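The values are calculated or read from the model by the stated rules, or taken from the named source; none is laboratory data. Predicted model, so just to flag it, every value in this text is computed and none were measured. Using ideal geometry, Cβ is built from the backbone for each residue, glycine included, and neighbour counts are taken over all protein chains shown. Note: areas computed on protein heavy atoms with side chains; ligands, DNA, RNA excluded. Shrake-Rupley method; radii C 1.70, N 1.55, O 1.52, S 1.80 Å.
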Amino acid sequence: MLKTVDRLRPGEKGVVTGLGSTGAVRRHIIDMGITPGAVIVMRKTAPMGDPIEINVYELSIRKSEAQNIRVEVSE
């Protein structure tokens, strides 16, 4: 099942299959180590839903950035 990182539930895991952004946002995501093949685990969200905390290695990102990262969810 394909979805973006902002749609993962806490504890859910996915493998990055692609990045949907361009320019500076894409470069920023890649610089954080989020590249195709990386495994991401959703840790938690802030009380208002933004930012979210994910594990690639310990990393918190904005929800708007998470909307640009597509993952395949392992069931």
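Could you give the accessible area per residue of the chain, probe 1.4 Å, as a whole number in Å²?
Heavy-atom accessible area per residue stands at 60 Å².
Can you give me the relative contact order of the range 19-75 as a percent, contacts being Cα pairs under 8 Å and 6 or more apart?
30 percent
About its Cα centre, how strong a charge dipole does the chain have in debye, to the nearest 20, once Lys and Arg get +1 and Asp and Glu get -1 at the Cβ?
120 debye
Report in % the part of the accessible area of the chain that belongs to carbon and sulfur, leaving out ligands and nucleic acids; probe 1.4 Å.
Exposed carbon and sulfur together represent 52 percent of the surface.
What do you reckon, how do 42, 32, 48, 1 stack up by accessible area (1.4 Å probe), largest on top?
Result of the area sort, largest leading: 48, 1, 32, 42.
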